[in-house]
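Right, one structure below, let's go through it.
The values are calculated or read from the model by the stated rules, or taken from the named source; none is laboratory data. For clarity, every value in this text was computed on a predicted model and none was experimentally measured. Backbone-built Cβ (ideal geometry, glycine too); neighbour counts: all protein chains shown. Ligands, DNA and RNA are excluded from the accessible area calculation, which covers all protein heavy atoms including side chains. Shrake-Rupley method; radii C 1.70, N 1.55, O 1.52, S 1.80 Å.
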Amino acid sequence: MSTLTGLTLKAAIDGLSAKTFSAEELAQAHVTAIAAANPRLNAFILETPDKALQMARASDARRAKGEAGPLEGIALGIKDLFCTEGVQATAGSKILKGFIPPYESTVTANLWRDGAVMLGKLNLDEFAMGSSNQTSAYGPVTNPWKSQGSNQALTPGGSSGGSAAAVAADLCLGATATDTGGSIRQPASFTGTVGIKPTYGRCSRWGVVAFASSLDQAGPIAKTVEDAAILLTSMSGHDPKDSTSLDIAVPDFSAFVGKSVNGLRIGIPDEYRIEGMPEEIAKLWDQGVEWLKAAGCEIKRVSLPHTKYALPAYYIVAPAEASSNLARYDGMRYGLRAEGATLSEVYENTRAEGFGDEVKRRILIGAYVLSAGYYDAYYLKAQKVRRKIADDFDVVFHEVDALLTPTAPSAAFALGEKNSDPIAMYLNDVFTVTVNLAGLPGISVPAGLSSTGLPLGLQLIGRALDEGTLFSLAGAVEDAAAFRAKPTKWW
Ligand code: GLN
């Protein structure tokens, strides 16, 4: 059975179609693997084995009737930020403990419509705020990867750390994730998996617990570029229930994987060569340039002059939106309620008890930058910077078709390492937040190993709605890198 969990999603689709195994066998293999691994990895907040097997049997029945969908029988993990009807959704927070959504998010509904099977709800940073999964009220996720010769527990990154760890450890064939400032791409980079944040508006945000609504996007984390393309095709699409969802046709993204990239122009932004970048990351980036050159791409140096303002702007805009979005958690309608003598006291006690430190920090920052007297100096200015960053990309996309950068400034770091310094943690997002601020698509592909044997990713950034080109380029990098490493099983 364990060989079934080692399959790529595409190989599993092929095996199911050829009736080499059933959806029930595939689900059972994953359920068994999760039960054995989760006490050590903590990738799942909630395992749903009964639901998985029931959905798998229904899938087998559909296939027998000749009604197989594109993801028929495919066993997936769902980030616990997605509302799943009748199944707890916590957003990684104590304040939503026990919250059973009465409805299904559009993205997960799309996956079930196409035949997929749910294995459970994946761990994440609280309300997706973080880069290491350590702000989760349900404990950190441990990265399946370890540095050579060390037993130190490492972070899988965040906020989609459970998604990335589960995919890397073969606990699911693919997972949903979300990315507000890098939460799909950085964990993908830390775990040797592929993660794509699509163009803002590709995937519906309906039923995804909101962090910063103008930045949040759903996307997949998968084992290969092709798997990511298959998943994104199902997840995407217009949804009248999300006014920011784009009413535009969804191509079959997998058709772009393996397409020639000959003649494409690739920009290398000067400003991403940041001070103190580890030598091995700079080298991998140069290697990526060589790979794309060899595949026929034309490489150009480009400038994105406002890059250095991206992190400060993000850490104003995101907390501002978060402070507004999180106002709804007051003990009246969802999850936790801490009693008090007056209504105000109930609000105060509930929020004091229900939110963790990082979430409180964001709410305070957000309320501050939005308050009278500071709004112009901080929030408005950050919005203007955001426009400049988007304009920088517009300019370079007249000269090039995509950009190549590292995904993250380091390999996976130790659990506990950056906990006392929020700024050090925020620096993880230096290469990823620009993409969210501009609403563009970005993909992380595993490209090599660090000196201590940990995965490192390269990021490709594309024009709005041009995920297709990104999938072709990511496929070329994947082929050239021939990244086949897997974590040594210790869990
Ligand atoms: N690490 C970033 C943050 O903490 C991004 C998180 C995300 O993309 N959800 O805000």
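What the table below lists for this structure:
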{"item": "Failed condition for Ala166, given (1) more than 16 Å from the ligand (Cβ to nearest atom); (2) of a type in the set (A, V, I, L, M); (3) under 27 Å from Thr405 (Cα atoms); (4) in a loop (DSSP other than H, G, I, E, B)", "result": "(4)"}
{"item": "Residue match in the stretch 145-153 (condition: touching a strand residue (DSSP E or B) at 6+ places or on another chain (Cβ under 6 Å) and among the small types (Gly, Ala, Ser))", "result": "no"}
{"item": "Inter-residue pairs, beta-carbon under 9 Å, first open to solvent by 10 Å² or more (accessible area, probe 1.4 Å) and in the stretch 120-132, second near the ligand (Cβ under 9 Å from one of its atoms), 6+ apart", "result": "Gly130/Leu124; Gly130/Gly158; Gly130/Ser159; Gly130/Ser183; Gly130/Glu358; Gly130/Met425"}
{"item": "Matching residues in the stretch 214-237 - criterion: being within 16 Å of the ligand (Cβ to nearest atom) and of a type in the set (S, T, N, Q)", "result": "Ser214, Gln217"}
{"item": "Extreme residue, farthest from the chain's Cα centre (by Cα), among residues of the stretch 247-270 that are open to solvent by 60 Å² or more (accessible area, probe 1.4 Å) and not small (Gly, Ala, Ser)", "result": "Asn262"}
{"item": "Matching option when the condition is under 24 Å from Val209 (Cβ atoms), out of contact with any strand residue (DSSP E or B) (no Cβ under 8 Å at 6 or more places or on another chain) and among the hydroxyl-bearing types (Ser, Thr, Tyr), among Tyr309, Tyr375, Tyr334", "result": "Tyr334"}
{"item": "In the stretch 319-332, the residues that are open to solvent by 50 Å² or more (accessible area, probe 1.4 Å) and of a type in the set (S, T, N, Q)", "result": "Ser324"}
{"item": "Leading residue by the ranking (nearest to the ligand (Cβ to nearest atom)) among those in the stretch 420-444 that are in a loop (DSSP other than H, G, I, E, B) and of a type in the set (Gly, Ala, Ser)", "result": "Gly439"}
{"item": "Among residues of the stretch 244-276, those that are polar (S, T, N, Q) and not in a loop (DSSP other than H, G, I, E, B), counted", "result": "1"}
{"item": "Test set (1) of a type outside the set (Asp, Glu); (2) assigned to a loop (DSSP other than H, G, I, E, B); (3) open to solvent by less than 20 Å² (accessible area, probe 1.4 Å) - Ile221 fails condition number", "result": "(2)"}
{"item": "Residue check for Ile316: under 26 Å from Glu399 (Cα atoms), open to solvent by less than 70 Å² (accessible area, probe 1.4 Å) and touching a residue at least 60 places away in the same chain (Cβ under 8 Å)", "result": "no"}
{"item": "Any hit, the stretch 460-477, residues being modelled with pLDDT under 95 and touching an Asp or Glu at 6+ places or on another chain (Cβ under 8 Å)", "result": "no"}
{"item": "Among the residues listed as Thr142, Thr180, Thr176, the single one being of a type in the set (S, T, N, Q), under 16 Å from Gly92 (Cα atoms) and away from the ligand (no atom under 16 Å from the Cβ)", "result": "Thr142"}
{"item": "Every residue from the stretch 183-212 that is within 12 Å of the ligand (Cβ to nearest atom) and closer than 15 Å to Tyr314 by Cβ", "result": "Ser183, Arg185, Gln186, Lys197, Phe211, Ala212"}
{"item": "Failed item in (1) surrounded by 21 or more Cβ atoms within 10 Å (Cβ to Cβ); (2) at pLDDT below 95, with Gly98 passing the rest", "result": "(1)"}
{"item": "Qualifying residues in the stretch 400-419 (those that are of a type in the set (S, T, N, Q) and not in a strand (DSSP E or B)) - the one surrounded by the fewest Cβ atoms within 10 Å (Cβ to Cβ)", "result": "Asn419"}
{"item": "Gly139, sole failed condition from (1) within 22 Å of Leu41 (Cβ to Cβ); (2) surrounded by fewer than 24 Cβ atoms within 10 Å (Cβ to Cβ); (3) of a type outside the set (Phe, Trp, Tyr); (4) touching a helix residue (DSSP H, G or I) at 6+ places or on another chain (Cβ under 9 Å)", "result": "(4)"}
{"item": "Matching residues in the stretch 345-363 - criterion: being free of Cβ contacts under 8 Å to residues at least 40 places away in the same chain and either open to solvent by less than 60 Å² (accessible area, probe 1.4 Å) or aliphatic (A, V, I, L, M) (or both)", "result": "Val346, Asn349, Ala352"}
{"item": "Pair list, Cβ under 8 Å, 6 or more apart: the stretch 177-196 residue part of a helix (DSSP H, G or I), other residue within 9 Å of the ligand (Cβ to nearest atom) and of a type in the set (S, T, N, Q)", "result": "Arg185/Thr432; Gln186/Ser131; Gln186/Asn428; Gln186/Thr432; Pro187/Ser159; Pro187/Ser160"}
{"item": "Members of the stretch 1-58 found to be farther than 20 Å from Leu111 by Cβ and open to solvent by less than 10 Å² (accessible area, probe 1.4 Å), listed by number", "result": "Ala37, Leu41"}
{"item": "Residue match in the stretch 113-123 (condition: in a loop (DSSP other than H, G, I, E, B) and within 15 Å of the ligand (Cβ to nearest atom))", "result": "yes"}
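Quick grid of which residues meet (1) within 16 Å of the ligand (Cβ to nearest atom); (2) of a type outside the set (Asp, Glu); (3) open to solvent by 70 Å² or more (accessible area, probe 1.4 Å):
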| position | (1), (2), (3) |
| --- | --- |
| Trp291 | no, yes, no |
| Ala295 | no, yes, no |
| Glu298 | no, no, yes |
| Arg301 | no, yes, yes |
| Tyr309 | no, yes, yes |
| Tyr334 | no, yes, no |
